[in-house]
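Reviewing the structure listed below.
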Protein chains: 2
Amino acid sequence: MKLASYKGGHDGWLMVVANDLSVWAPATDVAPTLQYALDHWADVEEDLRILSDALNSGRVKDVEKFDTGNCSAPLPRAYQIADGSAYLNHVELVRKARGAEMPPEFLHDPLMYQAVSDPILAPNDDIVVTSEEYGIDFEGEVAVITGDVPMGATPEEAAAQIRLIMLMNDVSLRNLIPAELAKGFGFFQSKPPSAFSPVAVTPDELGAAWQGGKVHLPLICTLNGRVVGKPNAGVDMQFDFGQLVAHAAKTRPLRAGAIIGSGTISNRDRAAGVACLAETRMIEKIETGVMTTPFMAFGDVIRIEMINDKGASVFGAIEQRVTRQS
Amino acid sequence: MKLASYKGGHDGWLMVVANDLSVWAPATDVAPTLQYALDHWADVEEDLRILSDALNSGRVKDVEKFDTGNCSAPLPRAYQIADGSAYLNHVELVRKARGAEMPPEFLHDPLMYQAVSDPILAPNDDIVVTSEEYGIDFEGEVAVITGDVPMGATPEEAAAQIRLIMLMNDVSLRNLIPAELAKGFGFFQSKPPSAFSPVAVTPDELGAAWQGGKVHLPLICTLNGRVVGKPNAGVDMQFDFGQLVAHAAKTRPLRAGAIIGSGTISNRDRAAGVACLAETRMIEKIETGVMTTPFMAFGDVIRIEMINDKGASVFGAIEQRVTRQS
């Protein structure tokens, strides 16, 4: 089942999307918003699946051509985003570039930070920034939306509460990060709102590509029309989503609608390219001593999309332009 | 105007509360929930004030005795909590105890972290923790709820968007903090859900006690029936709420319902006592070399309340027992 939110109000309006992303139809008779559906999942899931099946077999009359431009994020505002950093190649590169080793405990204790969850950018929203001096970067990630997860859930229990999967662009202001992390309280101004893919899908929709709590598909990152990376999200992910959700739930329950991100997808195979510019710059520094690739400039366009083994887009594309705050 | 939420559903039901906290009445005919009211403030504020005035002059028939036990937090879940650390005495003490100076930039650059905003504990909810070994502590704070704040708002513009004021118990797991901060990503597992006072009040309700974006009243913190502190929230607050909200909005807009916390209230005058146990322990370490006061144990009860110049409770009391996760 594929779900999306039609732009409108504070929380959008729930839509079901055909699995080939050709058409969509309102699901508001079942649940007005995605947050409502998540809050009442046991009551609405079956009806949503019946509607989805009908849509996919051409039995729904009230359909429109699917249009990413009319999509908000699946959740245009959420009660919680916790973003992990499960691809340790990314962490190792960042540290290596500044001559630091990765602490061994990072192999079994996930990195995770609390991220802003309101506003959440639509897949085609501009990335509005005050200054290019902030070091504007994208980060291509996979994220899940959970149901209710009790405090202290095991990774297996946590994995069973994964309701939906999406793509995420964790926009980062790199040049604000060092001073902010030095203060000791983590990211804040350096992590402005993130964007999500137009479509969120149930795990079963991914078929064999969803295995062991990971999405085994490449994430295609295209900057100004040029592919800069296609790392596979199932490769080199140190912690699967069950582990990440359980980490988030260690000292708190998670409630329906919590979003947990994977961190920047990053493969050790350099041929896979990158899902953020910081990594390109770190590799340049390690290999040549000089970072030559700049961060994003006003007008730059980043496209993030995941392609299945049939060559089809699974979640629709995030495609955003960087613009100056007017 | 004083508002509260009656426990029920995911978001409670909006109530107006008499300014002496004697009675309350449903406001659901105006706005079903506080989040709805904040989302539609320009449309509902006048009607809420009319209802509040009627309640305070005894002209509302459908009243009940105000009952903190039936209160959820004013917002039982929120889209954002950002918690500052505006009382630098607290920061200085923590650093001094470990032999570190406070960086001079802390005088003009607020500390702030993104906190969990779902779930939010009711004022009488237990603080449920897995282990006393985590170092369970309370932190007495003031917090504000904002309307929409544009990105890059000045402190003055930000201050104008402060809709409501509450008390906050920022529960902290002290022994999880050092390892978590060492990872560089800030607090996560060390900051479980916070509780808020039963009542949120509009700034005008505070009269002369609301001045310069600060609440000039003492916060009474009582642990197991013994007053451990009564620091004045208007004293030694390095950054007022306008500055804190503007800091939060530097690289993102804030949307209606964002909660911004002050950080642990802390006065340089030692006679004022403390609003968290960590500070007692730091003072012991600085003065004697040994921390003798333990953190909270299962069964301990913390009460946090603010008293106005007439001796009346302004927000009602947060009163919570620490319990072991069953």
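The values are calculated or read from the model by the stated rules, or taken from the named source; none is laboratory data. Just so you know, these numbers come straight off a predicted model, no measurement behind them. No Cβ is skipped: glycine too gets one built from the backbone with ideal geometry, and neighbour counts run over all protein chains shown. Just so you know, the surface numbers come from the protein's heavy atoms only, side chains and all, with ligands and any DNA or RNA stripped out. Shrake-Rupley method; radii C 1.70, N 1.55, O 1.52, S 1.80 Å.
Before moving on, here are some points about what is shown:
- Unique match (being over 21 Å from B:K191 (Cα atoms), of a type in the set (D, E, K, R) and in contact with a Leu (Cβ under 9 Å, 6 or more places away or on another chain)) among B:D240, B:D300, B:D309: B:D309
- Test for A:P178: is it open to solvent by 10 Å² or more (accessible area, probe 1.4 Å), out of contact with any helix residue (DSSP H, G or I) (no Cβ under 9 Å at 6 or more places or on another chain), touching a residue at least 12 places away in the same chain (Cβ under 8 Å) and over 28 Å from A:T68 (Cα atoms): no
- In the stretch A:60-76, the count of residues that are modelled with pLDDT of 95 or more, under 20 Å from A:D204 (Cβ atoms), basic (K, R) and not assigned by TED's automatic domain parsing to the domain that holds A:L181 is zero.
- Considering (1) open to solvent by 40 Å² or more (accessible area, probe 1.4 Å); (2) in the same structural domain as B:H216 (by TED's automatic domain parsing); (3) without any contact (Cβ under 8 Å) to a residue 60 or more places away in the chain, the lone condition that B:A100 does not fulfil carries the number (1).
- Residue in the stretch B:281-290 that is in a loop (DSSP other than H, G, I, E, B) and buried (at least 17 other Cβ atoms within 10 Å of the Cβ) present: no
- Candidate set from the stretch A:108-127 (those that are open to solvent by 20 Å² or more (accessible area, probe 1.4 Å) and under 24 Å from A:I318 (Cβ atoms)); member that is farthest from the other protein chains (Cβ to nearest Cβ): A:N124
- Comparison of A:I259, A:I307, A:I318 shows that the only residue that is under 17 Å from the mean Cα position of the chain (by Cα), assigned by TED's automatic domain parsing to the domain that holds A:M166 and surrounded by fewer than 17 Cβ atoms within 10 Å (Cβ to Cβ) is A:I307.
- Scope the stretch B:71-93; condition among the hydroxyl-bearing types (S, T, Y) and either surrounded by fewer than 24 Cβ atoms within 10 Å (Cβ to Cβ) or at the interface with chain A (Cβ under 10 Å from one of its Cβ atoms) (or both); matching residues: B:Y79, B:S85
- Residues satisfying the stated conditions in the stretch B:124-169, i.e. assigned to a loop (DSSP other than H, G, I, E, B) and among the hydrophobic types (A, V, I, L, M, F, W, C): B:F138, B:M151, B:A153, B:A160
- Leading residue by the ranking (farthest from B:N19 (Cα to Cα)) among those in the stretch B:193-216 that are part of a loop (DSSP other than H, G, I, E, B) and within 14 Å of another protein chain (Cβ to nearest Cβ): B:P193
- Residue within the stretch B:220-237 that is touching a residue at least 12 places away in the same chain (Cβ under 8 Å), in contact with a Pro (Cβ under 6 Å, 6 or more places away or on another chain) and within 14 Å of chain A (Cβ to nearest Cβ) present: no
- Out of A:E141, A:E156, A:E132, A:E105, sole residue that is surrounded by fewer than 16 Cβ atoms within 10 Å (Cβ to Cβ), in contact (Cβ under 8 Å) with a residue 60 or more places away in the chain and not β-branched (V, I, T): A:E156
- Residue check for B:L3: closer than 25 Å to B:L206 by Cα and touching a residue at least 60 places away in the same chain (Cβ under 8 Å): yes
- Some residue of the stretch A:241-254 being in a strand (DSSP E or B) and open to solvent by 10 Å² or more (accessible area, probe 1.4 Å): no
- One residue stands out among those in the stretch B:159-171 that are of a type in the set (A, V, I, L, M, F, W, C) and open to solvent by 10 Å² or more (accessible area, probe 1.4 Å): the one that is nearest to B:A73 (Cα to Cα), which is B:I162.
- Where strands (runs of 3 or more DSSP E) fall entirely within the stretch A:14-123, those with at least 2 residues that are within 24 Å of A:F239 (Cβ to Cβ) are at A:81-84, A:112-115.
- Some residue of the stretch B:203-218 being under 28 Å from A:A82 (Cβ atoms) and among the basic types (K, R): no
- Residues of the stretch B:23-70 that turn out to be surrounded by fewer than 18 Cβ atoms within 10 Å (Cβ to Cβ), within 24 Å of B:V142 (Cβ to Cβ) and small (G, A, S), as a count: 1
- Among the conditions (1) within 9 Å of chain A (Cβ to nearest Cβ); (2) open to solvent by 10 Å² or more (accessible area, probe 1.4 Å); (3) on the phi > 0 side of the Ramachandran plot, B:G186 misses just one, which is (2).
- Residue match in the stretch A:198-205 (condition: crowded, with 18+ Cβ neighbours inside 10 Å and under 30 Å from B:M112 (Cα atoms)): no
- Scanning the stretch A:291-307 turns up no residue that is within 14 Å of chain B (Cβ to nearest Cβ), assigned to a strand (DSSP E or B) and within 30 Å of A:A37 (Cβ to Cβ).
- Among the residues examined, B:G213 does not qualify as open to solvent by less than 50 Å² (accessible area, probe 1.4 Å), within 17 Å of B:I165 (Cα to Cα) and in contact with a His (Cβ under 8 Å, 6 or more places away or on another chain).
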